[in-house]
């Protein structure tokens, strides 16, 4: 596993103690005063991070991203 990503793996089945449905996820997230962004393409973000001085990050889910477009996007 990616040590930077901070995953925790249980060898036993874990069942939730409580489930609380969220009616409007975006509103709920924004109520925590966070910045929420939507992007159609993650590759420019990945490229910018790799070209930066940031060394502690994880892009493990990039395998689920849309393929890079042939025009470099």
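The set of residues in region 19-50 that are surrounded by 10 or more Cβ atoms within 10 Å (Cβ to Cβ), touching a helix residue (DSSP H, G or I) at 6+ places or on another chain (Cβ under 9 Å) and not in a helix (DSSP H, G or I) contains only 42. Return yes or no: is residue 53 assigned to a loop (DSSP other than H, G, I, E, B), under 25 Å from residue 7 (Cβ atoms), without any contact (Cβ under 8 Å) to a residue 24 or more places away in the chain and under 18 Å from the mean Cα position of the chain (by Cα)? Answer is no for this residue.
None of the figures in this text is laboratory data; all of them are computed from the coordinates on show. Just so we're clear, the structure is a prediction, and the values are computed from it rather than from any experiment. Virtual Cβ from ideal backbone geometry, glycine too; neighbours counted across all protein chains shown.
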